[in-house]
Amino acid sequence: MTKLLPHGRIHPKSKTLRLHGTIARDLGMAILSGKYRPGDLLVGEIESSVKLNVSRTAYREAVRILAAKGLVDSKPKVGTKVKPRDKWHLLDPDVLEWAFEKEPDLELLESLFELRNIVESAAAALAAIRRTTQDLDNMRDAIERMAHHTLATEAGRQGDQDFHATLLRATRNPYLIALTTGVGAAVNTTTMFKQRDRPLPRDPVPDHLRVFQAIADRDPVKAQNEMSTLIRLALEDTPVPRGAKASPGRRTAKKRRN
């Protein structure tokens with residue numbers, strides 16, 4: 001929360017907090033976009049703070065944020081180096097947002113949907129077995145909010161995230177439930193990316209209703225298949241990043257669908 005001093009002035013510490021967050025975001029986007037690649041050294045602390053016209057403290061705090069997200073490693077006398085991609089915390093909400101701020105790497109984009117399919121399809125099968133009446137009520141409410149507000153609004157997207165979060169909780173598996181934040185961030189980030197240049201090509205609510213009905217019917221096989229279909233269609237609806245070519249698998253899926 002921004003701290004205000006008398007007469008509405010902003011507390012200097014609040015400015016610093018916002019500033020190092022902005023620096024971390026800009027550097028994070030540069031790393032995720034490939035401007036800085038694994039193994040690259042970022043410009044030194046003193047030079048960077050002068051170039052960005054910020055304090056060394058603000059720059060140092062920004063680097064700490066990136067290090068906590070697995071993007072960089074900072075060592076005295078060595079500098080700040082971009083870490084290998086397999087060390088990045090790719091499901092961190094900030095990292096996901098930075099990756100989709102411009103044009104996401106196509107491999108990362110399709111890998112994200114692949115992960116969702118592996119996790120959420122199996123979770124749907126478990127939810128069909130273990131769900132409670134309250135879980136169904138929560139999922140139904142989430143779908144109703146999606147339908148009423150649409151995914152073009154924050155309220156509608158929150159309903160979408162709540163549906164997927166409830167599904168994970170319905171598994172009663174603490175390790176799957178621990179993935180809720182990452183899955184929710186993936187759902188929200190990709191949904192916003194799809195609508196960046198044009199409205200959604202179709203209404204995803206019926207896909208969610210089919211998953212919901214299979215879970216309500218306690219049919220784990222159908223729940224798993226319907227969730228897999230939902231995620232496959234969500235990938236097909238996601239535009240290919242500019243300058244990239246659709247993968248053979250996505251082109252084949254679109255032909256089958258058409």
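FYI, it's all coordinate maths here, none of it is from the lab. Just so you know, these numbers come straight off a predicted model, no measurement behind them. Cβ placement follows ideal geometry from the backbone for every residue including glycine, while neighbour counts extend to all protein chains displayed.
Worth a mention:
- A crude spin-label estimate for the pair residue 67 and residue 237, with each label 7 Å from Cα along the Cβ direction, gives 4.2 nm.
- Note on region 51-95 and region 177-217: Cα centroid distance 31 Å, given to the nearest whole angstrom.
- Sequence-ordered 3J(HN,Hα) estimates for region 75-85 from the Karplus curve with 6.51, -1.76 and 1.60 and θ = phi - 60° stand at 10, x, 6, 10, x, 9, 10, 6, 7, x, 4 Hz, glycine and proline given as x.
- A protection proxy built from the mean count of other Cβ atoms within 10 Å ranks the segments 177-185, 132-140, most packed first, as 177-185, 132-140.
- HN-Hα J in Hz across region 165-170 - Karplus 6.51, -1.76, 1.60, θ = phi - 60°, x for Gly and Pro: 5, 5, 4, 5, 5, 5
- The order of 105, 203, going from fewest to most other C-beta atoms within 10 Å of their C-beta, is 203, 105.
- Positive contributions from Lys and Arg (+1) and negative ones from Asp and Glu (-1), summed over other residues with Cβ under 11 Å from the Cβ of residue 84, come out at +3.
- Once backbone amide H atoms are built at 1.01 Å from N, residue 72 has 67, 83 as its partners under 5 Å, excluding neighbours fewer than 5 places away on the same chain.
- Structure note, pairs 35/77; 102/222; 35/75; 69/102; 87/222: Cα-Cα distances above 28 angstrom occur for 102/222; 87/222.
- Evaluated with a Cβ-only charge set (Lys, Arg +1; Asp, Glu -1), region 93-257 carries a dipole of roughly 640 debye about its Cα centre, given to the nearest 20.
- Counted by neighbouring Cβ atoms within 10 Å, the residues 169, 37, 218 run from fewest to most as 37, 218, 169.
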